[in-house]
Amino acid sequence: MGSSGLNQKDILGIEDLERSDIELILQTARQFEEVNKRAIKKVPTLRGKTVINLFFENSTRTRTSFEIAGKRLSADVINISASGSSLSKGESLLDMAKNIEAMNPDIIVCRHSSAGASHILSRYLKASVINAGDGAHEHPSQALLDLMTVLKHRGSVEGLNVAIVGDISHSRVARSNIYCLQKMGASVSVVGPASMMPRDIAKLGVKVHHRLNEGLKEADIVMMLRIQRERIVQSPFPSLREYARHYGINHENINALKKDVLIMHPGPVNRGVEIDPEIADGPYSVILDQVTNGVSVRMALLYLLSGANSLSL
Amino acid sequence: MRQLLKAEEFPDSVKKLADMIQEEEPNADDIALVGIHTRGVPLADRLYQHFTQNKKNVHIGTLDINLYRDDLSEAGDKPILKETKIDFGITGKTIFLVDDVLYTGRTVRAAMDAIFDLGRPKRVLLVVMAKRPGRELPIDTSMTVLDVPTAPTDNIKVKFVETDGKDDVTVLEKGEY
């Protein structure tokens with residue numbers, strides 16, 4: 001009987017993972033697709049395990065996806081969101097985490113607006129920590145579900161050109177995807193206005209384009225990022241309409257793309273800003289596949305991590 | 001090392017098991033062979049070929065029992081998951097679970113739990129190449145080619161061309177495996 005070589009207590013970022021880890025996670029996720037298609041979508045695998053979704057930032061899709069993943073594996077899943085929590089009463093992140101740990105959870109899924117929040121938790125907690133997004137740093141489960149979506153359509157990403165379009169500076173999705181796609185052998189380019197491009201982004205080994213048509217000419221896969229209006233203090237572009245005109249995918253510029261291009265978006269979609277409705281709902285779009293695959297990927301992460309804490313401590 | 005079955009004896013063994021299956025369930029459409037990973041899968045496949053050659057359309061599937069194991073909460077790396085593929089309705093069918101060896105019965109217990117999550121079969125029966133003493137659960141079968149009296153320290157190794165490069169059944173004593 002083969003057993004997993006995922007030698008990690010936590011999943012904090014794609015940067016820490018080996019290619020073989022990524023392959024194991026995706027191979028595991030593919031097997032959970034079968035469970036997700038059953039009439040009765042539940043297996044007893046994580047019975048008696050407790051998963052806590054600790055969300056300091058709003059999230060519907062990611063939190064629901066982790067919650068469904070945990071429940072389909074029979075774990076007890078508890079959701080804590082910042083607004084209703086003791087954090088709003090002034091408790092520190094670490095105090096709160098230690099109090100949660102005193103209740104013996106097995107896995108903590110954390111989203112926080114500060115980069116490194118999950119790393120801090122992982123250092124102090126015996127429970128496994130999954131980073132569900134930390135500031136503009138990483139969002140590993142998103143990159144893994146994006147990869148799964150591409151693999152299901154293309155079989156491999158080796159040698160594919162992937163263009164990531166939008167606000168690269170503020171995007172943890174972009175960062176995790178760059179690491180993930182490069183480890184799997186794709187070449188990645190980033191496209192966006194200079195005001196949304198981190199200064200040293202080229203050091204990650206990506207091509208940088210400021211014009212949409214140049215950036216998308218060769219692309220096999222296009223990942224549109226959401227304009228995160230809530231995260232931006234000072235607007236890096238004059239107006240949403242201006243941004244849409246230069247960096248949005250619409251029914252005109254889609255014709256210049258490869259005939260078999262895949263259009264992806266991590267959601268939630270700002271329709272008419274980064275992507276036109278007819279493209280989001282059109283034949284090139286795999287946006288809802290991404291959501292479906294997200295559940296399988298998160299089941300794989302919970303499965304592979306459960307029990308890992310007693311291994312490494 | 002003691003050889004129990006040679007490669008040239010495999011076809012007869014498959015036929016013997018197929019006959020037992022047929023006797024239990026004469027209606028081919030109600031026969032569902034479900035191979036348990038890893039070495040139940042090639043055995044189920046051989047049985048399926050046998051039925052197909054005899055113009056009998058039986059159902060076949062594969063089952064990974066790892067999500068139903070009773071030792072998952074113990075510390076350790078998680079088993080690598082393999083494909084569960086049962087693309088026929090199991091309700092009303094006679095399910096023949098197929099595995100290489102029956103020993104403690106724990107795999108079969110897990111397989112039964114997995115099957116019942118997929119529907120309500122008419123019956124669940126067990127087909128194995130070999131069985132040996134050492135049951136830890138009230139599970140048994142008479143549908144076997146070999147019934148081998150082994151010591152707890154022995155190991156029965158069933159090999160198939162598909163998984164191991166050759167067809168062979170041997171008993172290994174302690175120190176030989």
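A:Asn99 falls short of the stated requirement of being of a type in the set (S, T, N, Q) and modelled with pLDDT of 95 or more.
Residues that are within 14 Å of another protein chain (Cβ to nearest Cβ), in a loop (DSSP other than H, G, I, E, B) and open to solvent by 50 Å² or more (accessible area, probe 1.4 Å) within region A:47-72 comprise A:Arg47, A:Gly48, listed in sequence order. Exactly one condition in (1) under 12 Å from the mean Cα position of the chain (by Cα); (2) closer than 18 Å to A:Ile287 by Cβ is false for A:Ile178; which is it? Of (1) under 12 Å from the mean Cα position of the chain (by Cα); (2) closer than 18 Å to A:Ile287 by Cβ, only one is false for A:Ile178: (2). Tell me whether region A:167-181 contains one or more residues that are more than 22 Å from A:His139 (Cβ to Cβ) and free of Cβ contacts under 8 Å to residues at least 60 places away in the same chain. Checked against the condition, which is being more than 22 Å from A:His139 (Cβ to Cβ) and free of Cβ contacts under 8 Å to residues at least 60 places away in the same chain, region A:167-181 yields no hits at all. When region B:147-177 is limited to residues that are among the polar types (S, T, N, Q) and outside any strand (DSSP E or B), the one that is surrounded by the most Cβ atoms within 10 Å (Cβ to Cβ) turns out to be B:Thr150.
State whether the residues of region B:120-132 include one that is out of contact with any helix residue (DSSP H, G or I) (no Cβ under 9 Å at 6 or more places or on another chain), touching a residue at least 40 places away in the same chain (Cβ under 8 Å) and not small (Gly, Ala, Ser).
no
Determine, yes or no, whether A:Glu218 is open to solvent by less than 10 Å² (accessible area, probe 1.4 Å), charged (D, E, K, R) and away from chain B (no Cβ under 14 Å). No.
Among the residues of region A:180-236, those identified as among the small types (Gly, Ala, Ser) and closer than 13 Å to A:Ile168 by Cβ are A:Ser189, A:Gly192, A:Ala194, A:Ser195, A:Ala202, A:Gly215. Residue-level analysis places A:Ser156 outside the set of residues that are in contact with a strand residue (DSSP E or B) (Cβ under 7 Å, 6 or more places away or on another chain) and of a type in the set (Ser, Thr, Tyr).
Here is a yes/no grid of residues against (1) exposed (fewer than 15 other Cβ atoms within 10 Å of the Cβ); (2) at pLDDT below 95:
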| residue | (1), (2) |
| --- | --- |
| B:Asn27 | yes, no |
| B:Leu43 | no, no |
| B:Asp64 | no, no |
| B:Asp71 | yes, yes |
| B:Ala75 | yes, yes |
| B:Lys93 | no, no |
| B:Gly105 | no, no |
| B:Asp113 | no, no |
| B:Lys131 | no, no |
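Scanning region B:84-113 for residues that are within 8 Å of chain A (Cβ to nearest Cβ) and touching a residue at least 40 places away in the same chain (Cβ under 8 Å) returns a single hit, B:Asp113. For A:Gly13, the criteria (1) out of contact with any Pro (no Cβ under 9 Å at 6 or more places or on another chain); (2) under 16 Å from A:Val297 (Cα atoms); (3) more than 14 Å from chain B (Cβ to nearest Cβ); (4) open to solvent by less than 10 Å² (accessible area, probe 1.4 Å) hold in every case but one, which is (1). Being within 11 Å of another protein chain (Cβ to nearest Cβ), in contact with a helix residue (DSSP H, G or I) (Cβ under 6 Å, 6 or more places away or on another chain) and open to solvent by 30 Å² or more (accessible area, probe 1.4 Å) holds for only one residue in A:Lys42, A:Lys37, and it is A:Lys42.
Residues in region A:174-207 that are assigned to a loop (DSSP other than H, G, I, E, B) and farther than 17 Å from A:Tyr247 by Cβ were compared, and the one that is most open to solvent (accessible area, probe 1.4 Å) is A:Arg199.
For region A:218-240, a residue qualifies if it is in contact with a strand residue (DSSP E or B) (Cβ under 9 Å, 6 or more places away or on another chain) and either within 21 Å of A:Asp260 (Cβ to Cβ) or not in a loop (DSSP other than H, G, I, E, B) (or both), and the qualifying residues are A:Glu218, A:Ala219, A:Asp220, A:Ile221, A:Val222, A:Met223, A:Met224.
Checked against the criterion of being among the acidic types (Asp, Glu), in the same structural domain as A:Val165 (by TED's automatic domain parsing) and more than 19 Å from the chain's Cα centre (by Cα), region A:227-234 has no qualifying residue.
On inspection, A:Val261 does not qualify as in contact (Cβ under 8 Å) with a residue 12 or more places away in the chain and touching a helix residue (DSSP H, G or I) at 6+ places or on another chain (Cβ under 7 Å).
The values are calculated or read from the model by the stated rules, or taken from the named source; none is laboratory data. Just so you know, these numbers come straight off a predicted model, no measurement behind them. Cβ atoms come from the backbone with ideal geometry, glycine included; neighbour counts cover every protein chain shown. Each accessible area value is taken on the protein alone, full model and side chains, heavy atoms only, with ligands, DNA and RNA left out. Shrake-Rupley method; radii C 1.70, N 1.55, O 1.52, S 1.80 Å.
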